[in-house]
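Visitor: Dumping the structure here so I can ask a few things about it.
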Amino acid sequence: MANDEVKVLNDQEAETVSGGGANGPSWVDGGATYYRVVRGDTLSEIAVRFGTSVWNIQSLNRDVIKNVDLIREGWVIRVK
């Protein structure tokens, strides 16, 4: 189960999920690209999908992404 990882669902509980692969919806608005985090995503998979780095995504979303190891389903983040 090398692809399994723990995802924090809220401040009180965690769940182990498999897969991911950054398969959520994305769109461009005003020259910026946005992505909606889906269950099983990791920031590194999202970075690969959009040809950028985890650190660049974090810098674009400092108000939301405080810890690169923690993203939440439903977040809308800027990726470019």
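The values are calculated or read from the model by the stated rules, or taken from the named source; none is laboratory data. Just so you know, these numbers come straight off a predicted model, no measurement behind them. Virtual Cβ from ideal backbone geometry, glycine too; neighbours counted across all protein chains shown. Each accessible area value is taken on the protein alone, full model and side chains, heavy atoms only, with ligands, DNA and RNA left out. Shrake-Rupley method; radii C 1.70, N 1.55, O 1.52, S 1.80 Å.
Visitor: Are any of the residues in the range 23-37 assigned to a helix (DSSP H, G or I) and among the basic types (K, R)?
Guide: Checked against the condition, which is being assigned to a helix (DSSP H, G or I) and among the basic types (K, R), the range 23-37 yields no hits at all.
Visitor: Now for a separate question. Any residue in the range 41-67 that is more than 18 Å from P25 (Cβ to Cβ) sitting within a Cβ distance under 8 Å of a residue that is in a helix (DSSP H, G or I) and open to solvent by 50 Å² or more (accessible area, probe 1.4 Å)? List the pairs, counting only those 6 or more apart or interchain.
Guide: From residues that are more than 18 Å from P25 (Cβ to Cβ), the pairs are V54/S44.
Visitor: Given the condition closer than 14 Å to I77 by Cβ, open to solvent by 70 Å² or more (accessible area, probe 1.4 Å), at pLDDT below 95 and in a strand (DSSP E or B), answer yes or no: does some residue in the range 39-51 qualify?
Guide: Within the range 39-51, not a single residue is closer than 14 Å to I77 by Cβ, open to solvent by 70 Å² or more (accessible area, probe 1.4 Å), at pLDDT below 95 and in a strand (DSSP E or B).
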